[in-house]
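This report refers to the structure that appears directly beneath it.
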Amino acid sequence: MTNRDDAIGVFDSGIGGLTVLQKLLEILPSENTVYLGDTARAPYGTKSVETVVRYSFENTEFLIEKGVKLVVVACNTSTALALESLREKVNVPLVGVIEPGVRKALQITKNKKIGVIGTEATIQSGAYTKALKTHSGDIEVYSRACSLFVPLVEEGWIDNGVASMTVEAYLGSLKQSGIDTLILGCTHYPLLKKAIRNYMGSAVQLVDSAEEIAREVGTALEKQSLARREGIGNHSFFVTDAPDRFIKVGGRFLGEKVESAVRIER
Ligand code: DGL
């Protein structure tokens, strides 16, 4: 039987989902969490639908075996390509990252021109465009895959000349399009907020969906009387490759040190 003390499961292709976990810890500090980063098989953003669906299913199964009460699909690529299939296959509550970001963008936009940036697979899937247009048919959506942003962030080059030039190269056409809202549709992009804001200017609002996701998780747990409200949560980390790099780089994404991570075989 599921109970309040069971953990929230979170998975991502690797390190990036820690930006989502950070908001969960901030907004729901009493919750226990189990994080799985599929570091051996990242990136997902350049892979096919079949592969991302298979990996996402295996990650969800692992978290279910750990006894989690809900799974957050923190990876945008997994949400875009695999969330619907996951919903058909598993019966644990699932929260993806696209809907919360879409809802926030629709609340913010005034001119109904919304930009979306993400990995190649996310943009190619059209998942954001579909979700935006389902909510509001007269929205104009401008999307762009920004493939170099992930390696740039993992290298820690978020606030230098290379970051500014890369942002400019990818976002030039979006700037021309007159959008007033830009969805950061990838786990890594919130770390590039400063460079993106500098280039796009203050008239364009950036949507980082992590906060919305944490609130949606809180609401989902409340509804099922599964919210843990007392004490400080415990947090465990699992990875599919050697933990060293995850621990070293992870702190930048989580905003605090990742003390340890356990490697699982894949
Ligand atoms: N986590 C992925 C996403 O949010 C980015 C990294 C990758 O391509 O695996 O789309």
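Of the residues making up region 80-101, not a single one is among the hydrophobic types (A, V, I, L, M, F, W, C), in contact with a His (Cβ under 7 Å, 6 or more places away or on another chain), in a helix (DSSP H, G or I) and open to solvent by less than 20 Å² (accessible area, probe 1.4 Å). Filtering 51, 77 for residues that are more than 23 Å from residue 211 (Cβ to Cβ), within 16 Å of the ligand (Cβ to nearest atom) and out of contact with any strand residue (DSSP E or B) (no Cβ under 6 Å at 6 or more places or on another chain) leaves a single hit, 51.
Checking each residue of region 161-178 against the condition of being among the β-branched types (Val, Ile, Thr) and either closer than 21 Å to residue 79 by Cβ or within 14 Å of the ligand (Cβ to nearest atom) (or both) gives no match. Per the conditions (1) surrounded by fewer than 18 Cβ atoms within 10 Å (Cβ to Cβ); (2) farther than 20 Å from residue 15 by Cα, the sole criterion not satisfied by residue 220 is (1). Among the numbered conditions (1) more than 12 Å from the ligand (Cβ to nearest atom); (2) within 15 Å of the chain's Cα centre (by Cα); (3) open to solvent by less than 20 Å² (accessible area, probe 1.4 Å), the only one that residue 104 does not meet is (3). The lone criterion from (1) more than 18 Å from the chain's Cα centre (by Cα); (2) farther than 25 Å from residue 148 by Cα; (3) among the basic types (Lys, Arg) left unmet by residue 87 is number (1). Checking each residue in region 102-152 for being of a type in the set (Phe, Trp, Tyr) and part of a helix (DSSP H, G or I) picks out 128, 149. The residue that is farthest from the ligand (Cβ to nearest atom), counting only those in region 184-200 that are touching a residue at least 24 places away in the same chain (Cβ under 8 Å) and open to solvent by 20 Å² or more (accessible area, probe 1.4 Å), is 198.
Annotation: of all residues in region 108-145 being away from the ligand (no atom under 16 Å from the Cβ), touching a residue at least 60 places away in the same chain (Cβ under 8 Å) and of a type in the set (D, E, K, R), the one that is least open to solvent (accessible area, probe 1.4 Å) is 113. Only residues that are on the phi < 0 side of the Ramachandran plot and surrounded by fewer than 17 Cβ atoms within 10 Å (Cβ to Cβ) were counted across region 201-210, and they come to 2.
The values are calculated or read from the model by the stated rules, or taken from the named source; none is laboratory data. Since the structure is predicted, the reported quantities are computational estimates derived from the model, not experimental observations. FYI the Cβ positions are ideal-geometry reconstructions off the backbone, even for glycines, and counts take in every protein chain you see. Ligands, DNA and RNA are excluded from the accessible area calculation, which covers all protein heavy atoms including side chains. Shrake-Rupley method; radii C 1.70, N 1.55, O 1.52, S 1.80 Å.
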